Each structure stands twice: as structure tokens, then as C-alpha cells.
Amino acid sequence: MQQNNQESPTNPCNVCGSHHVSVLANHSRSGKPLRTVICNDCGLVWSDPLPHNPRSFYEDDYRVAYKGTYSPKPKHILRAGKVALYRRKLLGKWIDQPKKILDVGTGGGEFAYLLQSLGHDVNGIEPNKGYAEYSKQAYGLKVQVGFIQDIQQPDESFDLITIWHVLEHTENPCDVLTKLHSLLKPQGTLVVEVPTIEATCQSPKSTFHEAHLFNFNLDTLRKLGEKVGFTEVEHNISADGANITVFFQKNVTATKNDKELKIPGNAERIINIVNNHTAYKHYLTAWPYQRFFYRMSRTISEKCATTNFVNGKKLLDQLYA
């Protein structure tokens, strides 16, 4: 990792508005140049400048770059279906009654389809044309092709909004949460899940990459929610420490004072974690070996489960049954 030299960012911090940053890294996991900075006043981490045009990248290139396909393959459907079941369990009491739900970044539609099968009125929005069209045709979902800023829904339309591993990909997370705040009914619930910058289960060289424009920890995500008028009611950290899920409730009080948005000591904490996550220390833990065997077993089980693949709906119906 880089020495933490003082730098000036292209844009101010999305959480606290500060212009005081340090450099965390200068390369992505692919080895290409990627300047990653951290706000010295609150600890938000982001790519500066942005490595691509988010709109064109996520509309056309992202799924092909990371999945190798324009629409989901059978193994992707199975994998996402299992994740959907995990998310259903995570939501628990929040979906015990029928609700009007918006799923932001619907992907191939596996989670939205599960919610729909449980009796919820589900809308989705997905920027990737191939995945969005697939989810509509395969599962009969109500999915708009586009970004959340373009959604065609009136204010206060939804009881619950979920946004799983999307916020870190957006060019302005504050604007996204502001839009979601307006779409929620009074006292509505927003569920946000993102990877945490404090994760050490991954290889150190994989910490930063072009697709993740912003990197949060619990403190910065919580503070960003407060900035636009949300209050955290609970949170969850995944067993491997890789992801944080925050349940926010909509209120009418937003934190507008930049001083209140600063998080003393958070930047130093994150810098210490990132700089101490070395390859030597990583390979002395069980994480790399557990990941290897998990991926090997997953590949074998996915091949077995998709051998007689007919279509995505049949595969998910069997899985969700």
C-alpha cells in the first residue's frame, strides 16, 4: 500500500465535504493505475478520479467484464438464487407482511422473483440492458432499465427499498440515498449492503478495483445515511467480515452540518487495517485456503445442479421450494 501522503481530491468527500485526503493505493487488483484516496476527516474511501464513465460502464460493459456474459448463465442463476435465500433470512421480520418493495440493481432478478413469490408487490431497476430484459422475460418481473436517478415512480411509493452491493458502484452515493429517501413512505425502511473496506478475508491485492468507486465501513455508511435523513435501526456484519448490511428508517431530520459528519479517528483506523493487511499475514490465516476449497466445491455442485438445466424459472422454483 502507499504511504499516506496528503493530497487534493478531484471532488470533495461525498460524506463530509472535506478536501483533506491521503492516498491509500495507486493500483487496482488488475495492476492498472487506480488512485484510491481516504478522507482524513471521516474515513470515506474512493477512486479519485473516477476510472470510467459509470453510466456507459454499467449499461453495457460491467456484466460482460465480470460475468463474461450479457445475460445470466445457469451457474449465475443458481448462485444468485442461493444468495437470495440468504437475503430473505437476513430481512426476517422486515418482510413478514406483504409490502410494496423496490429492489435497486435487480441484476438477473433472482431476489426480486423470490420476494414476488412470497406475495410482495415488487418493482426493480437495473442499468444493464441484458440482465434487466432477462429478468422481465424469465420471471415476469416489473423491472425498469436504467439508473435509480431515472426511475419512473412518484415520491413515497415504497414501504421497503433494498440496494444490495450497488451503492459502492455509484458515482455519487449521497445523491442515490437522497433519491431513495424520497421514494420511501414515511417511516419506510431502507436496507443497504456493501463490502467493507475493513475486510481482510480477501487477498490484499484485491482490495481495490475499478468497479468499486467508493469503499465504506460501518461508520461512514451510517453517517452518509444520517446526512440525507435516515436513522440506523440495526446492522449485520457477514461471518467472513466482508460485508455490512444496515437497516435504515426514514425520518425527516437530515444532518447538514459538515462538522457533525466528520468521524474522528476513523481514517486512522482504516489506514491501519489496510496497511497491516499484507500478503504475508494473509497467507498465515485460514481465509485463502477456505476460499479455495469453497470455490472448488461450489464449482462441482453447480455443475451437478445445472446439468439438466431447462430455464431459470424452473431452477429457481426448485431451489425456493
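The values are calculated or read from the model by the stated rules, or taken from the named source; none is laboratory data. Note that the coordinates shown come from a computational prediction; the quantities given were computed from them, not determined experimentally. Here the Cβ positions follow ideal geometry from the backbone for every residue, glycine too, while neighbour counts run over all protein chains shown.
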Residues of region 46-86 classified as β-branched (Val, Ile, Thr), modelled with pLDDT under 95 and either closer than 27 Å to residue 14 by Cα or part of a helix (DSSP H, G or I) (or both), total: 1
Residues that are farther than 17 Å from residue 236 by Cα, among the β-branched types (Val, Ile, Thr) and crowded, with 19+ Cβ neighbours inside 10 Å, drawn from region 167-199: 170, 176
Tally of residues being part of a helix (DSSP H, G or I) and surrounded by 10 or more Cβ atoms within 10 Å (Cβ to Cβ) across region 276-292: 10
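Condition first: among the aromatic types (Phe, Trp, Tyr) and more than 25 Å from the chain's Cα centre (by Cα). Now tell me which residues in region 294-321 satisfy that. Show your work before the answer.
Kept after step one, since they are among the aromatic types (Phe, Trp, Tyr), are these residues of region 294-321: 294, 309, 320.
Answer for region 294-321, where residues must be among the aromatic types (Phe, Trp, Tyr) and more than 25 Å from the chain's Cα centre (by Cα): just 309.
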Subset of region 256-280 [within 15 Å of residue 199 (Cα to Cα) and free of Cβ contacts under 8 Å to residues at least 24 places away in the same chain]: 272, 276
Test result for residue 320, surrounded by 11 or more Cβ atoms within 10 Å (Cβ to Cβ) and among the aromatic types (Phe, Trp, Tyr): yes
Matching entry among 239, 211, 199 (being more than 28 Å from residue 52 (Cβ to Cβ) and part of a loop (DSSP other than H, G, I, E, B)): 239
Enumeration of residues in region 234-244 that are in contact (Cβ under 8 Å) with a residue 24 or more places away in the chain and surrounded by fewer than 20 Cβ atoms within 10 Å (Cβ to Cβ): 236, 237, 240, 241, 242, 243
